[in-house]
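The values are calculated or read from the model by the stated rules, or taken from the named source; none is laboratory data. Just so we're clear, the structure is a prediction, and the values are computed from it rather than from any experiment. When we count neighbours, we look across all protein chains shown, and the Cβ atoms used for this are built from the backbone with ideal geometry, even at glycine. Only protein heavy atoms, including side chains, enter the accessible area calculation; ligands, DNA and RNA are left aside. Shrake-Rupley method; radii C 1.70, N 1.55, O 1.52, S 1.80 Å.
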Amino acid sequence: HAKSQGRGTFCNFDAKMQVEAEERVRLEHDMRDAIGTEQFNLLYQPLVSTQTQRVTGFEALLRWNHPTRGPISPAVFIPIAEESGLVGELGDWVMRKACMDAAHWPDDITVAVNVSPLQLVIPSLPNDVADALKKARLSANRLEIEVTESVFMSGAGNALDVLKRLRSLGSGIALDDFGTGYSSLGYLNKAVFHKLKIDGSFVREAAEREETVSIIKAIVMLANSFRLTITAEGIETADDFNRMRELGCHQLQGYLFGRPMPLEKTLEIVGSKWEHRQVG
Ligand code: C2E
Ligand code: MG
Ligand code: MG
Ligand code: MG
């Protein structure tokens, strides 16, 4: 009895995997035609200075509005783009669009663009980025490239060299989602990163666990010793704001300051000071 139940479970699992595989193939197929059309668009989420409470820049976040399925999360479609080899084309579109959009903001406002580890192995990437900046007439120091720790584990052996080339264009390189992967502390002192983004999961946990606060303190100390800008992601409440400010973060990002928004909306809030009655 137990055995047949086990087999049945296994069969269901198999069938489920089959359905998922077909789903991926379909999405991959749809994505191929959707890149460059209005199905894809960028939203922008503000980053706010802890000191001045002003917007210092925006992170570009990609959205796919599928004609029949509706909105699909980047957590779902980016992995498909990566596995199907489409992430290069998609990423290049994102870079060009983000640079063009950023040219609408004042000169001291930056744009952060997420770059997949698989884009770092495309030999033309540094030239493509330089070209995107040039076409948009955007100064390289207005661009921040965000990569996650997985860049050092994806078999992209020369990831560090590529990042250095991007840095030498004059752009910033941020280490995103810090603390969620196999935190490669050794990479922090390679003089390639200018910013460290503490993952939102730490911000949430810090509200309940003193141990997490200790970890954040250690991260802040380490990052400061390498002269990195420290950004905390996932700030949702005034308590998060106050806690992360007291822990020494330089910039904050999260729903408290604004959800990812269309370009037109960014033009309304850029330059204004963020105020909240609960934050003292
Ligand atoms: P990420 O780069 O770490 O971006 C931050 C994510 O946290 C975004 O999710 C953002 O909407 C969300 N977020 C911001 N504030 C809060 C908050 O206060 N609370 C919570 N719970 N979440 C918050 P999103 O837009 O769904 O993007 C997910 C991930 O997809 C991104 O994580 C990034 O890794 C990837 N991604 C997005 N756009 C692109 C892109 O153009 N290229 C590549 N390669 N990856 C992208
Ligand atoms: Mg990011
Ligand atoms: Mg992040
Ligand atoms: Mg993330």
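Every listed requirement among (1) touching a Gly at 6+ places or on another chain (Cβ under 7 Å); (2) away from ligand 4 (no atom under 16 Å from the Cβ); (3) more than 18 Å from G36 (Cβ to Cβ) is met by A112 save one, (2). Scanning the stretch 206-242 for residues that are open to solvent by less than 30 Å² (accessible area, probe 1.4 Å), aliphatic (A, V, I, L, M) and not in a helix (DSSP H, G or I) yields a total of 4.
Residues of the stretch 185-240 being more than 19 Å from P260 (Cα to Cα) and of a type in the set (G, A, S), which ones? G186, A191, A206, A207, S214, A218, A223, S225, listed by residue number. One residue stands out in the stretch 236-246 among those that are among the hydrophobic types (A, V, I, L, M, F, W, C) and within 10 Å of T50 (Cβ to Cβ): the one that is farthest from ligand 2 (Cβ to nearest atom), namely F241. Do the conditions hold for V151, that is, is it within 16 Å of ligand 3 (Cβ to nearest atom), open to solvent by less than 40 Å² (accessible area, probe 1.4 Å) and touching a Leu at 6+ places or on another chain (Cβ under 9 Å)? The answer is yes for V151. Scanning the stretch 118-139 for residues that are open to solvent by 20 Å² or more (accessible area, probe 1.4 Å) and more than 16 Å from ligand 2 (Cβ to nearest atom) gives V121, I122, P123, S124, N127, D128, A130, D131, K134, K135, R137, S139.
In this entry, G85 is excluded by the filter for residues that are open to solvent by less than 50 Å² (accessible area, probe 1.4 Å), within 16 Å of ligand 1 (Cβ to nearest atom) and small (G, A, S).
Within the stretch 159-181, restricting attention to residues that are under 17 Å from the mean Cα position of the chain (by Cα) and β-branched (V, I, T), which residue is least open to solvent (accessible area, probe 1.4 Å)? Filtering first and then ranking leaves I173.
Within the stretch 243-276, the residues that satisfy the criterion of being modelled with pLDDT under 95 and part of a loop (DSSP other than H, G, I, E, B) are V270, G271, S272, W274, E275, H276.
Taking the criterion of being open to solvent by less than 10 Å² (accessible area, probe 1.4 Å) and in contact (Cβ under 8 Å) with a residue 40 or more places away in the chain, the residues of the stretch 183-199 that qualify are L188, K195, K197, I198.
For the stretch 104-149, which positions are away from ligand 1 (no atom under 13 Å from the Cβ) and among the acidic types (D, E)? Residues satisfying the conditions are D107, D108, D128, D131.
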